[in-house]
Amino acid sequence: MNEVKDALRSIEQNYKLFLQQQFTFIGALQHTRENAHDMIRPVASISQVQSYMDHHCNNSTDRRILNMFLNICNDLSKLCQKLESVQPCNSTTNDILGSCKVLLSHSNDLSSIRAKYPHDVVNHLSCNEAKNHFGGVVSLIPIVLDGLKEWITHTEKLSQEVLQNVSGGNAISEKSAPQSAPDRAVISQTAPSVHLEVQTSANKKDNVQVQGNKHVWKKHLNDTKSHSGKHNKSPWKPPGRHAF
């Protein structure tokens, strides 16, 4: 994507230089149209500009500015071809790229397109020039540049969504992944040991309680025997006397 941005930035720089010479460009079109005796129809396609330069251009200034326009269009067309292989893409990015490619087709009719605000290329023309002759051809490059910028914006957003989905999927996979065999072995070895310790501790507690209960029961029997022994003794009789 950085390579695409650099290429587009380079084209924009060339277009800024061309834009500073728009009056020279319009003058070159006027001269070549006159030489071609083609003053009625509008300049409506890239191939028409190419024909004017190849067959009806008599001076180097006109040739230079017409060639500059054609080179920028050619660079934009090559960039569009390069973008066809860039992923990810969806219907929105495909439509934008398709529209740019149609506009840059050499035979495409440009007479009805107009660059809107913030572009002011049409405003620099007279009403007659803008409406009947050059409004479409001067609008071509800024419209395509806007389309390619929009394509980059949508593609970057789509890439971020794909990365977020991949990151989310990995997090869910890690969370729901089954335990490995070593982990299960550690758990299986640890659990009985803990249970055994608890059980042993419980047995010790029960043993102490049983021993305590035995001690209490034995003491209770001794106390009972002692108490019963006291009651079983016969009453004391004076010596030498017998009971009646």
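Considering the conditions (1) surrounded by 13 or more Cβ atoms within 10 Å (Cβ to Cβ); (2) hydrophobic (A, V, I, L, M, F, W, C); (3) within 17 Å of Gln22 (Cα to Cα), Leu97 is excluded by exactly one of them, (3). All of Glu156, Glu150, Glu161 fail the test of being within 21 Å of the chain's Cα centre (by Cα), on the phi < 0 side of the Ramachandran plot and at pLDDT 95 or above, apart from Glu150. From the list Leu110, Leu97, pick out the single residue that is touching a residue at least 40 places away in the same chain (Cβ under 8 Å) and under 20 Å from Gln48 (Cα atoms). Result of the check over Leu110, Leu97: Leu110. Scanning region 34-64 for residues that are open to solvent by less than 20 Å² (accessible area, probe 1.4 Å), under 21 Å from Arg114 (Cα atoms) and not in a loop (DSSP other than H, G, I, E, B) gives Ile46, Gln48, Val49. Evaluating Ser77 against the criteria (1) polar (S, T, N, Q); (2) part of a helix (DSSP H, G or I); (3) closer than 21 Å to Asn123 by Cα leaves one unmet condition, (3). A search for C-beta distances below 6 Å between a residue of region 13-28 that is farther than 18 Å from Ile143 by Cβ and buried (at least 17 other Cβ atoms within 10 Å of the Cβ) and any residue that is among the aliphatic types (A, V, I, L, M) and modelled with pLDDT of 95 or more, counting only pairs 6+ apart in sequence or on different chains, returns Ala28/Ile65; Ala28/Leu66.
The values are calculated or read from the model by the stated rules, or taken from the named source; none is laboratory data. For clarity, every value in this text was computed on a predicted model and none was experimentally measured. Note that we place each Cβ from the backbone using ideal geometry, even for glycine, and neighbour counts take in every protein chain shown. Just the protein is used for accessible areas: all its heavy atoms, side chains included, with ligands, DNA and RNA removed. Shrake-Rupley method; radii C 1.70, N 1.55, O 1.52, S 1.80 Å.
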